[in-house]
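Before any comments, here is the structure.
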Amino acid sequence: MSIKTGEYILYNEEDSTNLAIQISNNIKPGDVLTFSGDLGAGKTFLCRQIIKQLCGSETNVTSPTFNLLQIYDWKDCSIYHYDLYRLKNISEIYELGIEEALTANVCLIEWPELIDAILPNNTIAFSIEIIDYNKRRVFVKNK
């Protein structure tokens, strides 16, 4: 994936959507993206917008908070959207198909800290910081 690393300031949902469009325009099968930040920072919003850009705006994108995983069909692969907030042990990730997901699919992983050691070296990490009610600072880096 070729998205510029560095810092982005998002002033509103439109800015967040525009960043999601930029990300989705550069995603290809095999890409792994992680999203870190406090509750309410906008991780799920960004993931939802990326999935809608890739799969169509009418796609029903639900948060995987309770299931831990939602899978969407896209082109010749799947998009695995993980929310690992409730994950307690790294072994649980294997029950959620992480090995298959990391092969030739797209992975969007919220709360990746517990599984950081098993993520591929080409992972793109998005760290979202709340500045105020609508304003966010997003740091993008390669793992």
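Before moving on, here are some points about what is shown:
- Selection of first residues in segment 26-52 that are without any contact (Cβ under 8 Å) to a residue 60 or more places away in the chain and under 17 Å from I3 (Cβ atoms) and of second residues that are of a type in the set (V, I, T) and crowded, with 20+ Cβ neighbours inside 10 Å, restricted to Cβ pairs under 7 Å at least 6 apart or on distinct chains, gives the following pairs, ordered by first then second residue: I50/I23; I51/I79.
- Exclusive hit being at positive phi and either touching a helix residue (DSSP H, G or I) at 6+ places or on another chain (Cβ under 9 Å) or surrounded by 12 or more Cβ atoms within 10 Å (Cβ to Cβ) (or both), set L87, L19, L68: L68
- Checked against (1) surrounded by fewer than 20 Cβ atoms within 10 Å (Cβ to Cβ); (2) of a type in the set (V, I, T); (3) in contact with a Phe, Trp or Tyr (Cβ under 6 Å, 6 or more places away or on another chain), I9 passes all but condition (3).
- Flag if I115 is β-branched (V, I, T), surrounded by 15 or more Cβ atoms within 10 Å (Cβ to Cβ) and within 12 Å of the chain's Cα centre (by Cα): no
- Note on segment 117-130: residues that are touching a residue at least 60 places away in the same chain (Cβ under 8 Å) and not in a strand (DSSP E or B) total 4.
- The residues listed here are S57, S91, S78; of these, the one that is among the polar types (S, T, N, Q) and either within 13 Å of the chain's Cα centre (by Cα) or modelled with pLDDT of 95 or more (or both) is S78.
- Check on L108, touching a residue at least 60 places away in the same chain (Cβ under 8 Å), assigned to a helix (DSSP H, G or I), in contact with a helix residue (DSSP H, G or I) (Cβ under 9 Å, 6 or more places away or on another chain) and not acidic (D, E): no
The values are calculated or read from the model by the stated rules, or taken from the named source; none is laboratory data. The structure presented is a predicted model; accordingly, all values stated were derived computationally and were not measured. Methodologically, a virtual Cβ is constructed for each residue, glycine included, from the backbone with ideal geometry; neighbour enumeration extends over all protein chains shown.
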